[in-house]
Amino acid sequence: MKIDVGELNKKISIIILTIGQDAQGFPKNTEDIYCSPFAKVSNMSGTQMFKAGKLFDKSITKFVIRYRRDKTITDTMRIRYKNDFYEIIDVNNVSESNEYVEIMGQVILNG
């Protein structure tokens, strides 16, 4: 994969979501930033569907970042980009070359 480094111009955050409880025993989600790389962001596909009588979009976004030897990104994490959260649906070390990682994400409504 050939990428001009200048295309990695969008700041994203890879988030680890921890589900726990507060002092009173109520559910509490904690978000920890795992890393904040620069990425190339591309919308790949999108469809509109009806669910419960409401129209919503299901779109896939591709995030390309530089490979990091010190960080392993998994599909249990989330991506924060602008004001949206994305569920990670696939992580691919492009051509196993340890240069770039493609992360496919789907926007999460009500993040």
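Any read-out appearing in this document is the output of simple, stated calculations on the displayed coordinates, not a laboratory observation. Just so it is clear, the model here is predicted, and its values are computed rather than measured. We place every Cβ from the backbone using ideal geometry, glycine too, and count neighbours over all the protein chains shown.
For N29, what is the net charge nearby, where nearby means another residue's Cβ is under 12 Å from its Cβ and Lys, Arg count +1, Asp, Glu -1? Local net charge: -1. Charge tally around N93: other residues with Cβ under 9 Å, Lys/Arg +1 each, Asp/Glu -1 each, net -3. Residues of segment 9-36 falling in the label zone of S97, defined by backbone nitrogen less than 20 Å from a point 7 Å along Cα to beta-carbon, are 9-10.
Please return the longest stretch of the chain lacking exposed loop sites, where trypsin sites (Lys or Arg not before Pro) count only if DSSP places them in a loop and at most 13 other Cβ atoms lie within 10 Å. Answer from the scan: 3-67. Placing dummy labels 7 Å off each Cα toward the beta-carbon, the span from L109 to N83 is 1.7 nm. Among residues other than S13 with Cβ under 12 Å from its Cβ, the summed charge is +2 (Lys and Arg +1, Asp and Glu -1). Charging the Cβ of each Asp and Glu at -1 and of each Lys and Arg at +1, and nothing else, the dipole of the chain about its Cα centre rounds to 260 debye. Highest average first, the peptides 29-36, 13-20, 98-105 ordered by how many other beta carbon atoms sit within 10 Å of their residues are 98-105, 13-20, 29-36. Computed over every Cα-Cα pair of the chain and binned at 10 Å starting from 0, the pair-distance distribution P(r) comes out as 13, 41, 29, 14, 3, 0 percent.
Full extension of the segment from S59 to T76, taken as 0.36 nm per residue of separation minus the current Cα-Cα distance, would add 4.2 nm.
Each of I15, I108, I89 was scored by the projection of its Cα onto the charge dipole of the chain, and the greatest displacement toward the positive side belongs to I108; charges sit on the C-beta of Lys, Arg, Asp and Glu.
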